[in-house]
Structure formats: C-alpha cells, structure tokens
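These notes are about the structure you will find just below.
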Amino acid sequence: MAIKLLIVDDSAFMRKIIRDIVKEFHGIEVVGIARNGMDALKKIELLKPDIITLDIEMPILNGLDTLKIIKEKYDIPVIMLSSRTGTDITIEALQIGALDFIEKPKDLTDLENLSIELENKLKSIVKKEAKKYDIKYDRELTKQGIEPSREFDAVVIAASTGGPKALVYLISQLPKDIQVPIFIVQHMPKGFTTSFAHRLDSESQVRVVEAEEGMEIEAGNVYLAPGDYHMVIDKNQISLNQLEKLHGVRPAADYLFESASKIYKDRLLGIILTGMGRDGSQGMATIKKNGGYNIVQSERSCVVYGMPGSAVELGVVDAILDLEDISLSLNKVVRSRPN
C-alpha cells in the first residue's frame, strides 16, 4: 500500500516541483495539495494522509500554527519545508513536534539534493527504516547501564532525524556543574546549526556554542558542529574541515568519534541518538577498540532507528537505553572529575 502524502505550500511552483519529484518515488502517492494552513486542516480530515510536507511561511494560517493544531489533533508525521531565513522558526517547529525539515533549494534549476532528501526522509520516517536487527543482541544490552566505576573525560553525541528534540531534552537535563566537554554532531545544514546552538544554550544550564575553527576545548562546555563542516578534535582544540561528505552528510559523526577516541581513549563516552543512515557506527567501532564506552538510543524511543541500529548490528554497543535512561546515565558521569 502506497504512503499517502499531503503537500502544503502557498507556492504553486513549489507544490508542482514536490509533486513531480514524488511521482518518481515507488510506494509514495500524493493524495492532495493545500495552499495554506486552513486548507491543510480541511484536507487532512478528508484525505487521512500518512505524512505531510508543510511550508513555514504561508498566508491565512502559517506553518507553525498549523503544525501546533496538527500535533494536537492527529498523530501524523510532519516534515517542514524551510528557507535559510527561517532557521529560528524551523528549530521551534522541531520542538513543537515536526519530525524533520528540508531546506528549500536556492537554485530551482538544481533539484537533485531536494529529490534525494525528500525520498530518504519520507520513506525513513514512515517506515522507520524497518530492518531486521539482531533482536537477541538488542535485548541483552537494553537493561545494561554504565558501570558505577567508569569515569570519562569527554562525551561525543551523534543524531539525525528526530535528533533536535532528543538533544534539547538531553542537554536541558544536564546539571550546571558538568566537568567534561560534550561534542555534538547533528545532521543539519549551514545556518540552522547556529539557531539550534542558541536554542540548546537558552534551554540549558550549561554553555552551548556552535564550534569554531581553533576553539580551545573547555570542560563544562557543549560544542555543536556547524553545518557543512566536519568537526574533529586536535589535541585541546577544535578543528573544522570541508572534506568530502561521508555517508552523504557533512558534518559526519564518524570523523568526530574517531578523532576524539585518539585523544580520550578509554575515557570517552559515545552516544548515538535517533537518526537515518549509518553515520557514527564506524566511529563507535574505534571508540570500542580504544576501550571507550558506547550507548545508543532504543528503537522504541527513536523516530528512526537507522544510526543506532547500524551500530548495534556492528556489535560495538555497550548499552541500548531509552532517551530518559540515557539522560540519567549521562548526568551521573559528566560530574566525574578527570584524574
């Protein structure tokens, strides 16, 4: 049975672009279009879509207010369509309950990236990357936690689809007196990470910054990789580069995890949260090889289990925990002072 998509956008041109792109996708059917939020709410009731793409800037009822009503009344996944000028609103939409967003292309003559993002995100969110993971291995690790004796000098975190909301929860729960640096890769375009860093900082007791080239690493700070740059650890500094995309993304968590593992060795904690794809699993293999400790988010608490599931399949995970339990474990170890 085909996935039923409702397209909501005030631009007739953008509606046509999305519709034409989706026609090429196997298993996804456009069941309707809406020109604004009010129109969308009527169409949702009538058409019962499985997923919605929702523009942010619309007349009569804008995307943000429409999203609030959708989340109150329906359990339908929503992907926001955002421009670079609407970064703050996009981050707010993710907090309200949008599962992901796609940046509108600047150049409408080059739609390849839009097509790839649409197909990947539509299919992964609806199907939740239904894949046959090693359930026995999964269950053996689900109830395990970090040994009380373990101490860490740093934490690295990777996230993608569904990650912003999970990260706001995780970072906002941190105590203000954390004693280790935390490094985050969230798959997000340039510009959006700036707004996301500000949101994390405003919601938290700890200092959250978007990482910059040559920035000195300080215990107690949280560093977010900027969009379109890989972030690596070089001695006691952050280094940024624009090497080729890895797994189709930049920043990529594998680069961060591997570089951090060389520095912090067995005193590094790696965490993979909800996300599409397999980024982070090879980095976790390096962390495991160097004696560090790895946690992934449980399938039942993920929006998409792709990234955590890939690490589980690789056999490099020490614990599989719900998001709330990851938070509890993290809060215990970040207070530990390095020897």
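The values are calculated or read from the model by the stated rules, or taken from the named source; none is laboratory data. What you see is a predicted model, and the numbers here were worked out from it, not measured in a lab. Positions of Cβ are generated from backbone atoms using ideal geometry, with glycine treated the same way; all protein chains shown enter the neighbour counts.
Against the list (1) touching a helix residue (DSSP H, G or I) at 6+ places or on another chain (Cβ under 7 Å); (2) surrounded by 15 or more Cβ atoms within 10 Å (Cβ to Cβ), the condition Asp65 fails is (2). Only residues that are outside any helix (DSSP H, G or I) and touching a Lys or Arg at 6+ places or on another chain (Cβ under 7 Å) were counted in the stretch 162-206, giving 7. Taking the stretch 68-103, which residues are without any contact (Cβ under 8 Å) to a residue 60 or more places away in the chain and basic (Lys, Arg)? Result: Lys68, Lys71, Lys73.
Give the residue that is surrounded by the most Cβ atoms within 10 Å (Cβ to Cβ), with candidates limited to residues of the stretch 240-274 that are small (Gly, Ala, Ser) and on the phi < 0 side of the Ramachandran plot. Within the stretch 240-274, the match that is surrounded by the most Cβ atoms within 10 Å (Cβ to Cβ) is Ala253.
Checked against the criterion of being among the β-branched types (Val, Ile, Thr) and touching an Asp or Glu at 6+ places or on another chain (Cβ under 6 Å), the candidates Ile69, Ile79 yield just one match: Ile79. Could you say whether any residue in the stretch 217-225 is buried (at least 23 other Cβ atoms within 10 Å of the Cβ), in contact with a helix residue (DSSP H, G or I) (Cβ under 9 Å, 6 or more places away or on another chain) and assigned to a helix (DSSP H, G or I)? No, the stretch 217-225 contains no residue that is buried (at least 23 other Cβ atoms within 10 Å of the Cβ), in contact with a helix residue (DSSP H, G or I) (Cβ under 9 Å, 6 or more places away or on another chain) and assigned to a helix (DSSP H, G or I). Just one of the listed residues (Ile51, Ile7) is in the same structural domain as Ile102 (by TED's automatic domain parsing) and either modelled with pLDDT under 90 or in contact with a Pro (Cβ under 7 Å, 6 or more places away or on another chain) (or both), and it is Ile51.
Against the conditions (1) touching a residue at least 60 places away in the same chain (Cβ under 8 Å); (2) buried (at least 16 other Cβ atoms within 10 Å of the Cβ), Val206 satisfies every one except (1). Considering (1) modelled with pLDDT under 95; (2) closer than 14 Å to Ala252 by Cα, the lone condition that Ala158 does not fulfil carries the number (1).
Ile135 falls short of the stated requirement of being over 16 Å from the mean Cα position of the chain (by Cα), within 25 Å of Ala311 (Cα to Cα), of a type outside the set (Asp, Glu) and modelled with pLDDT of 75 or more. For the condition free of Cβ contacts under 8 Å to residues at least 60 places away in the same chain, of a type outside the set (Asp, Glu) and in the same structural domain as Glu313 (by TED's automatic domain parsing), Ile263 does not qualify. Taking the condition surrounded by 17 or more Cβ atoms within 10 Å (Cβ to Cβ) and either farther than 21 Å from Phe192 by Cα or at pLDDT below 95 (or both), does Gly86 pass? Taking the combined requirement at face value, the residue satisfies it. Consider the stretch 312-337 and keep the residues that are out of contact with any strand residue (DSSP E or B) (no Cβ under 9 Å at 6 or more places or on another chain) and of a type in the set (D, E, K, R). The one that is surrounded by the most Cβ atoms within 10 Å (Cβ to Cβ) is Glu313.
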